[in-house]
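The values are calculated or read from the model by the stated rules, or taken from the named source; none is laboratory data. For clarity, every value in this text was computed on a predicted model and none was experimentally measured. Here Cβ is always computed from backbone atoms with ideal geometry, including for glycine, and neighbour counts include all displayed protein chains. Keep in mind that these areas ignore ligands, DNA and RNA; they rest on the heavy atoms of the full protein, side chains included. Shrake-Rupley method; radii C 1.70, N 1.55, O 1.52, S 1.80 Å.
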Amino acid sequence: MKYKFLALALASVASLSAVAAPVTLPTGPYYIKFDGREQIAVTGNTGYANEINWGVFTVSTINRGLVTGPNTIETTGPNVFADLQNGGQITGMFYGTSGLPSGTGGNAFPATGGFLDLYYRDTTVYGVTDLATTAATVRTSQSTATGYTQGILLAHLEFASGINDLSNVVFINGSTIPSNGGFAGLATSYANVNTSIVGDWTTAMNTDFFTTNYGQRDVRFRNIYESLNSWDSCPVGTANCLLGARITDPATGFAVPEPSSLALIGLGLLGLGATRRRQKLNSNRG
């Protein structure tokens, strides 16, 4: 009988937690695959003080992950989310990254600072977002972009040191300096969840899973970036040419159950305990 009550309690948890969060990260290692667009200002800024790049993206899939080595998570098993699944999307924006002199930490195109926001987008309310063909009408402020920052906030991430063992000011390693002649490179970085700005995934992602020379980190990024002319913006008469790029590949981390799920499990177990006490009391009376 106790297993029946436990099963009912857990079933209630599953149904209620599904209402609480539109998309839940799988507990344990996870692998988020995304595609995006960005602009890079190699010789100036994007129009916001000290910012050298910004971009937007859509998440194509979220898979359970497998830890295959120190700070390394690979994808495994079926996905737990796919773009437009049940009428929803996961979108986002990154912004606020500042440039560092080439060669800092021995890296060709290093950067520091910056943020990344993740949103759940109900397409029945906001419509479907497809990656924009041009950047002209997308960005509305430093941290907002039409089609990407509307909906339910999932998490606010801050890029952090640790990806470069030689420098605590390098937050993003870029292998290639973008140029007008075309480019392709690899950017790697870590980020931490800002717990003061609460989203549906804040607790789940805040696990300090990755170990670096400069502290524990929550999320690791590994992104390919390559030139995309349709996202170039080179105003006539200015030296500040924004070079467009497409970006692909994953973000990885290790998730824990969200607090609502933990609370509901606790309530379910309390209910089970109360039921067993009543059964014992009735048995003693008989």
E38 - would you say it is among the charged types (D, E, K, R), open to solvent by less than 40 Å² (accessible area, probe 1.4 Å), under 16 Å from T248 (Cα atoms) and touching a residue at least 12 places away in the same chain (Cβ under 8 Å)?
yes
May I ask you to list the residues in the stretch 181-219 that are in contact with a strand residue (DSSP E or B) (Cβ under 7 Å, 6 or more places away or on another chain), under 29 Å from C241 (Cα atoms) and either of a type outside the set (S, T, N, Q) or surrounded by fewer than 23 Cβ atoms within 10 Å (Cβ to Cβ) (or both)?
G182, F183, A184, G185, L186, A187, T188, Y190, A191
Collect the residues in the stretch 220-248 that are modelled with pLDDT under 90 and open to solvent by less than 40 Å² (accessible area, probe 1.4 Å), keeping them in residue-number order.
C241
List, please: which pairs have Cβ atoms under 8 Å, are six or more places apart or on different chains, and start with a residue in the stretch 83-112 that is in contact (Cβ under 8 Å) with a residue 12 or more places away in the chain and closer than 30 Å to V128 by Cβ and end with one that is assigned to a strand (DSSP E or B) and open to solvent by 40 Å² or more (accessible area, probe 1.4 Å)?
G87/D122; G88/D122; M93/T144; F94/F115; Y95/F115; G96/F115
What do you reckon, is L157 touching a Leu at 6+ places or on another chain (Cβ under 7 Å), closer than 25 Å to N86 by Cα and open to solvent by less than 30 Å² (accessible area, probe 1.4 Å)?
no
What about T211, is it at pLDDT 95 or above and over 20 Å from G114 (Cβ atoms)?
yes
Look through N192, N164, N180 and report the one residue that is more than 19 Å from S60 (Cα to Cα), in a strand (DSSP E or B) and out of contact with any Phe, Trp or Tyr (no Cβ under 6 Å at 6 or more places or on another chain).
N192
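Here is a check on your reading of the model: is E38 outside any strand (DSSP E or B), touching a Gly at 6+ places or on another chain (Cβ under 7 Å) and not hydrophobic (A, V, I, L, M, F, W, C)?
Criteria not met by E38.
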Can you say whether A20 is open to solvent by 50 Å² or more (accessible area, probe 1.4 Å), more than 17 Å from the chain's Cα centre (by Cα), within 25 Å of A136 (Cα to Cα) and at pLDDT below 95, as far as the supplied structure shows?
no
Which of the residues spanning the stretch 75-97 are open to solvent by 60 Å² or more (accessible area, probe 1.4 Å), outside any loop (DSSP other than H, G, I, E, B) and either within 17 Å of I32 (Cβ to Cβ) or hydrophobic (A, V, I, L, M, F, W, C) (or both)?
T75, P78, N79, Q85
Just to check your reading of the model, which residue among T61, T72, T68 is hydroxyl-bearing (S, T, Y) and open to solvent by less than 40 Å² (accessible area, probe 1.4 Å)?
T61
Among the residues that make up the stretch 3-13, is at least one of them open to solvent by less than 20 Å² (accessible area, probe 1.4 Å) and at pLDDT 95 or above?
no
List every residue pair whose Cβ atoms lie under 6 Å apart, where the two residues are 6 or more positions apart in sequence or sit on different chains, the first residue falls within the stretch 196-223 and is within 16 Å of I62 (Cα to Cα), and the second residue, located anywhere, is among the hydroxyl-bearing types (S, T, Y) and crowded, with 21+ Cβ neighbours inside 10 Å.
R220/Y190; R220/T252; F221/S189
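Kindly indicate the residue of the stretch 43-58 that is surrounded by 15 or more Cβ atoms within 10 Å (Cβ to Cβ) and β-branched (V, I, T) and also farthest from R220 (Cα to Cα) among those meeting that condition.
Result: T46.
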